[in-house]
Every structure is written in C-alpha cells, then in structure tokens.
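Trainee: If you scroll down you'll find the structure; I have some questions about it.
What follows draws every value from the coordinates through simple rules; no lab data is involved. Given the structure is predicted, the values throughout are model-derived calculations rather than measurements. Every residue, glycine among them, receives a Cβ derived from its backbone with ideal geometry; neighbour counts consider all protein chains shown.
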Amino acid sequence: MKPYVFITRKLPDELVKPLMDVAEVEMWNKEEEPVPAQLLREKANRATALLTMLSDTIDESLLDASPHLKVIANLAVGFDNIDVPVATKRNIVICNTPDVLSDTTADLTFGLLMATARRLIESANYVKEGKWQGWSPYLLAGHDIHHKTIGIVGMGKIGQALAKRATGFEMEILYHNRSRNEVAEQQLNATYCSFDDLLTKSDYVVCLTPLTNETKHLFNKQAFQKMKSSAIFVNASRGAVVDEEALVEALQTGDIAAAGLDVFTKEPIDVDHPLLSLSNVVALPHIGSASIETRTVMMKLCVENIIRLLQNQDPKTIVNK
Ligand code: DGY
C-alpha cells in the first residue's frame, strides 16, 4: 500500500506529480483558504507525510493524533507554526525551505524599506485618487536611504542578502545576531553591535530574526523608545516578534517615523486594526518569498524532501537533525 500524503493547500498538479508516483496524495482544494483545523487533524491522523503552509498550526495535540507521521515539509523557511521539540521526540522529520528564498525575500524587504521611506504607496494612491494638484517642494517628501545606517536584527542568509543590497546604496550596515556572522563582516562590511546600540544608531531597523520564545515581543515599547524619532522600522520575519500595541503607540507618538510590515501577529490582520489606519504604515500580506520562480522552487523542494524521506534517503533540508 502506498503511503498517504496530505497537502494543506492547492498546489499545481505538475509540481505534485512526482509525489503521486510514490504515494497516495490528497490535496486541500483551495489556493487561498487554509484547511480547517479539524479536517487537517483527520487527514494527519492517517498521513505518513504532510506538506504544510506557515499558516497551519502543527501543535502537540495534532502530533499526538498523528501516529503514522514521519515527515512534515513546511513551505517556508520559518517553522514557528510547528512544535518542533514534540515532533523531534516522536521522530518526525521537519523540513523547511531555506536558501532558495533568501534573495527573493531580501528583494521584498529592501523594496518594503524603500516604499516606506519614500512613501511610494501613499504617493501612488495620491495620484490615482486625483489629489495631485501640482508640484510642490515638499510634496510627499520622504527619507533618504543612500548613505544612511541600516540595522539588521537577525543576520542569517536573508539578512546577508539584504546587507548586500544595502551596500549598493552605500549604507552603513550594523547587525545584531545570536552569533557573529563572518561573511557579513568580511564581505559586506557589516558591524556587529548589541541590540540596544543597533536601535539607537540605525536609521532603518529591519527585523529578520525568527520567532522563538526568546524573540517574542523583542520589539516592545522600550525598544521603540530607544530608536531615533526619524527611524523606520521594517518587519519581514514574523509578526509576534513585535508587540503591535507598542508599535502603534510608537508610530502615533512619534517615537519612530514609520513602519513597513510584511507580517503580523494575526494573519490576515483585521481590517480595522489600528496599524492599518496609520498613514505612516506600509502593510503587505506576507509576501516575502512570493515570486513565481521562488515559490515554484520551494514547492519542488518540499515535494522532493517528502519523496526522499519516503524512500529512506536524507531530505535536502532538515530542521531537526
Ligand atoms: C518564510 O518562508 O518563512 C517566509 O516568511 C515566507 O514569506
């Protein structure tokens, strides 16, 4: 009997095809809507492998109810949606999609920084809404990016790719990370500093650190108060690294100038969330790695990892070695 694999979102058939040759594959039939939690539980109960999205919660109770599960391939580099320690205890292999999305996510992060600094979304809407009456010296004037200081919190592969982009803008690069990053220091001229120093010195503070127990609400009221009042905060990692109430307050009181956010504590963010009412916020729907090319490669990697594991080979990318 072929092993049963459940995929929690509708993916292109041609990408899933190789998996169908070795397994009985079932796919949730919606592209944008997540699979309901109860249905996921039922499917996981008989699955040998799951191909999951970052929006699926794979917690202890789901893992408890999944006696046959051998591998979960998560379509993301982040894996905070999965209880990895419990999975590891149960010998369930967790795979993610690192490296293949670094450049694409760095492109988006730098684009978000630029859009926020130069008020691109506000300006585009201004024209489309017929508000443009004529040229004026400070019309929708934003902040310079070139030659400013960028502080990157979380200097992994995406951080490095972002730093590379920042060098093209002749920015000074500071970073804070759990450990020193030699590539960033030697090849990109990035300077390691404490979290507090980074906050006080940076014109752009960019959050790329994964969500863990240690980083939850790392960006709190105190952190925002340490930043320059002209600082722009960008978050492309996970929403919960930020205390969103504190961020709203910092933006309203002028502790910081603006924020570019690709991620939120609750996704999708409620349309009446105070963050969305602020003109100095650029909000995106978690599209960090969302280029057609990269998402295709990510899907292929997940499929390949599952196949390898079903054939008793090592997966290409594994979180819990
Ligand atoms: C990831 O892969 O974790 C990113 O957040 C996707 O955009």
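Trainee: Based on the alpha-carbon gyration tensor of the stretch 28-160, what equivalent-ellipsoid semi-axes (square roots of 5 times the eigenvalues) come out, in whole Å, largest first? Don't skip to the end; give the middle numbers.
Mentor: Values: eigenvalues 377, 78, 21 Å².
Rounded to whole Å, the semi-axes are 43, 20, 10.
Trainee: Further question: Would you list, by chain and number, the aspartates and glutamates whose Cα falls below 13 Å from the Cα of Lys300, excluding same-chain residues fewer than 8 positions away?
Mentor: Cross-link targets: Asp13, Glu14.
Trainee: Using the Karplus curve 6.51 cos²θ - 1.76 cosθ + 1.60 with θ = phi - 60°, work out ³J(HN,Hα) for each residue of the stretch 191-204 in order, rounded to whole Hz, and write x for Gly and Pro.
Mentor: 10, 6, 8, 5, 4, 5, 4, 4, 5, 6, 9, 8, 7, 10
Trainee: Still on this structure, I have one more. Can you tally the lysine pairs in the stretch 102-283 where the Cα-Cα distance is under 24 Å and the two residues are eight or more apart, or on different chains?
Mentor: Lysine pairs meeting both conditions in the stretch 102-283 amount to 18.
Trainee: Still on this structure: With 5 Å bins from zero, work out the P(r) of the stretch 246-312 over every alpha carbon pair and list the percent per bin.
Mentor: Per 5 Å bin, starting at 0, the Cα pair percentages come out as 4, 14, 18, 15, 12, 9, 9, 8, 6, 4, 2, 0.
Trainee: Report the residue, chosen from Glu185, Glu244, Glu267, that carries the largest GNM mean-square fluctuation when the chain is represented by alpha-carbon nodes joined by springs under 10 Å.
Mentor: Glu267
Trainee: Continuing with this model, one more query. Once you keep just the Cα pairs under 8 angstrom separated by 6 or more residues, what percentage relative contact order results for the stretch 102-283?
Mentor: On the way: 333 pairs, mean separation 37.1, N = 182.
It rounds to 20 percent for the stretch 102-283.
Trainee: While we're here: Using Cα centres only, tell me the gap between the stretch 222-251 and the stretch 8-59 in whole Å.
Mentor: For the stretch 222-251 versus the stretch 8-59, the Cα centre distance is 35 Å.
Trainee: Set the Förster radius R0 to 30 Å, insert the Cβ-Cβ distance between Asn213 and Asp13 as r into 1/(1 + (r/R0)^6), and round the FRET efficiency to 0.05.
Mentor: Working: r = 39 Å, r/R0 = 1.31.
For Asn213 and Asp13, the calculated efficiency is 0.15.
Trainee: For the chain, just the Cα set please: Rg and Dmax, both in angstrom.
Mentor: Using the Cα atoms of the chain, the pair Rg, Dmax is 21.2, 72 Å.
Trainee: Can you tell me the mean projection area, over all orientations, of the convex hull of the stretch 102-283's alpha carbons? Units nm², please. Intermediate results must be reported in sequence, preceding the final value.
Mentor: Values: hull surface 42.4 nm².
Reported value for the Cα convex hull: 10.6 nm².
Trainee: Just how large is the dipole of the chain about the Cα centre, in debye to the nearest 20, putting +1 at every Lys and Arg Cβ and -1 at every Asp and Glu Cβ?
Mentor: 480
Trainee: Checking the cross-link filter: which lysines have an alpha carbon closer than 18 Å to that of Lys89, excluding same-chain neighbours under 8 positions apart?
Mentor: Lys70, Lys321
Trainee: Still on this structure, I have one more. Can you show me the helix-derived [θ] at 222 nm for the chain, built from DSSP H runs with n ≥ 4 at -39,500 (n - 2.57) apiece and divided by the number of residues, rounded to the nearest 500. Write down the numbers at each step before the final one.
Mentor: Numbers: 12 runs with 115 residues, N = 321.
Calculated at 222 nm, the ellipticity per residue is -10500 deg cm²/dmol.
Trainee: What is the set of long-range amide H partners of Thr191 at a cut-off below 5 Å, with H atoms built 1.01 Å from backbone N?
Mentor: Here the answer is Ile173, Leu174, Tyr175, since their amide H atoms fall under 5 Å of that of Thr191.
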